[in-house]
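Inspection log for the structure reproduced underneath, given as structure tokens.
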Amino acid sequence: MVLLLLAASARAQQSATPVTLKQLLSNVTSRAPQLLTDSAAISIRRAQAAEVKANWLPNLKLNYQTDVGTSNNVIGAYFGFGIVPSSSSGVHTTNVTTAASTNLGIADLDWEVYNFGAYGAANKVANSDINVEQNNFAQSKYQLQAFTIGNYLQLLRLHDFLTIQARDIQRNLEIRRSIESLAKSGVRAGVDTSIAEAALSKSRLNYIELENQFKQVQLQLSTLSGIPYPSIIPDTTTDAALISQPPALMASLDTSNHPIINFYRSVYQNSLQREDLVKKQYNPKISLEAAAWDRGSSIDAAGNYGSLGSGFGFDRDNYLVGIGISYNLFDLRRRHLKLNTQKANTDYALKKLQEQQQLLAASSNEADVELTTAQQRLQEIPNQLKAANDGYHQKLSLYRSGLTDIIELNAALNILYTAETDYAQAKYSYANALFEKAVTGNQLNQILNSLK
């Protein structure tokens, strides 16, 4: 029953239309939740930049009020604290309790016309924030591509292992049938049947475990791409296409435009822009102040109290225009402290940029070594595979002739199984090293363009 299920699973994979690496990457780029989130973050930065750009707009306030109350005043200054109501009449000789009505309309303009470059510095920081977010998106996309490729190669590797495991099951079945035939004729002991049955069961269990790993990788890729996981069957021609790639195709390391380097470089530039903003945001501020207002009151110029209704309506007009400059001397100290903090951030950003450049260079060197080793493996493993295959068939013939035992036959079978899995692993190692080199060298598109 288990064998029938394994066969059905293998047939289902073979009949499904393979998903190429390019198709998978296209789906991941357009549907991956992480990229959709990072794209939304760019929109936030753009909205914030538009908000900062509007900081230069003046404040123009329109105010109107109408009031009823007494109008008594005394000589002497006071701080209003923002809550003490004003009474602007003259000082009476006695306390007057007669109510008066007043109204007031004011148009007040307050415009910070010039602040010695602070507006421009703030806009540059806002635009730099957008650039950081865009580079973060590009970095996320690039890293997600690398992650997708790594999982796709794992899928190819597991597909090869499943194929090898299916062959191993068939060989164990063949051995068991031979043993059963020989045991019936008395040539072999019954214990050989038990040993063969145990080996067959172990081979089936391995297949089940590999199939589980295969589905787990499919599920990961399905989450990123939106493709139903059973439909994500790798294109088995990819291995051959990658192995045929000349390593010299990616001889040079291109970090000038690498997405990871671009991100950290933009963070560093953003920190420099913030330094400039700190220097300028504490500069003096030149402001244009203007106001126009109308007033009305039920108290006439001689101090006579009229009816409350006579206070509604304007009978006095005034305007005032002026230019002022303000500067807080203690801002010198604040600017110094804040600039020191920002310079420390800039130094950190620069060191992170240098760190990433060094890591990429080291990763490229490691990929070069792994690529060379993988090539040597691929050249040698066919010899191992041929010898192991010949050895197994020779042992099987000897066993059927009664010239060797089940232990030696199983040993030959294990050597063949190891050789086949070594070959599958060697193909995966070469393809993985090739892509690692492409990812670190910013030449991913160059490799992808060579695939169908």
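The values are calculated or read from the model by the stated rules, or taken from the named source; none is laboratory data. Predicted model only: the values in this text are computed from it and were never measured. As a convention, Cβ positions derive from the backbone with ideal geometry for all residues, glycine included, and neighbour counts pool all protein chains shown. Side chains are part of the model used for accessible areas, which takes the heavy atoms of the whole protein and leaves out ligands, DNA and RNA. Shrake-Rupley method; radii C 1.70, N 1.55, O 1.52, S 1.80 Å.
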- [ ] Would you compute the Debye intensity of region 331-452 from its alpha-carbon atoms alone, equal scatterers and no solvent, and pass along log10 I(q)/I(0) at q = 0.18, 0.19, 0.20 Å⁻¹ to two decimals?
- [x] -0.95, -1.00, -1.04
TODO: For helix 21-31, report the angle its Cα long axis makes with the longest principal axis of the Cα atoms of the chain; keep it between 0 and 90° and round to the nearest 10°.
DONE: 30
- [ ] Divide, for region 212-343, the radius of gyration over alpha carbons by 2.2 N^0.38 Å, where N is the residue count.
- [x] 2.56
Open item on the list: Which log10 I(q)/I(0) values does region 296-344 give at q = 0.14, 0.21 Å⁻¹ under the Debye formula, counting every alpha carbon as one identical point scatterer?
Closed with: -0.59, -0.82
Task: Set of aspartates and glutamates near K61 by C-alpha distance (under 20 Å), chain-local residues within fewer than 8 positions excluded - done: E51, D108, D110, E112, E289, D294, D317
Open item on the list: Between 0 and 90 degrees, rounded to the nearest ten: what's the tilt of helix 331-400 against the longest Cα principal axis of the chain?
Closed with: 10
TODO: Starting from the exponent 0.38 and prefactor 2.2 Å, build the expected Rg for the chain from its residue count and divide its actual Cα Rg by it.
DONE: 1.82
Task: Surface accessible to a 1.4 Å probe, per residue, for the residues of the chain, Å² - done: 56
Open item on the list: Quick check: net charge around A100, other residues with Cβ under 14 Å of its Cβ, Lys/Arg +1 and Asp/Glu -1?
Closed with: -2
TODO: Along each of the three principal axes of the Cα atoms of region 155-244, give the extent in whole Å, ordering the values from largest to smallest.
DONE: 58, 30, 15
Task: 0 to 90° range, to nearest 10: angle between helix 2-15 axis and the chain longest Cα axis - done: 60
Open item on the list: Quick check on my link table: of K280/K351; K22/K343; K141/K338; K215/K352; K141/K352; K395/K437, which ones sit more than 32 Å apart, alpha carbon to alpha carbon?
Closed with: K22/K343; K141/K338; K215/K352; K395/K437
TODO: Compare the peptides 358-370, 287-299 by average per-residue count of other Cβ atoms within 10 angstrom and give them in order, highest first.
DONE: 287-299, 358-370
TODO: Give the Debye-formula value of log10 I(q)/I(0) at each listed q (0.11, 0.13, 0.17 Å⁻¹), with one equal scatterer per alpha carbon of region 89-160, two decimals each.
DONE: -0.68, -0.76, -0.89
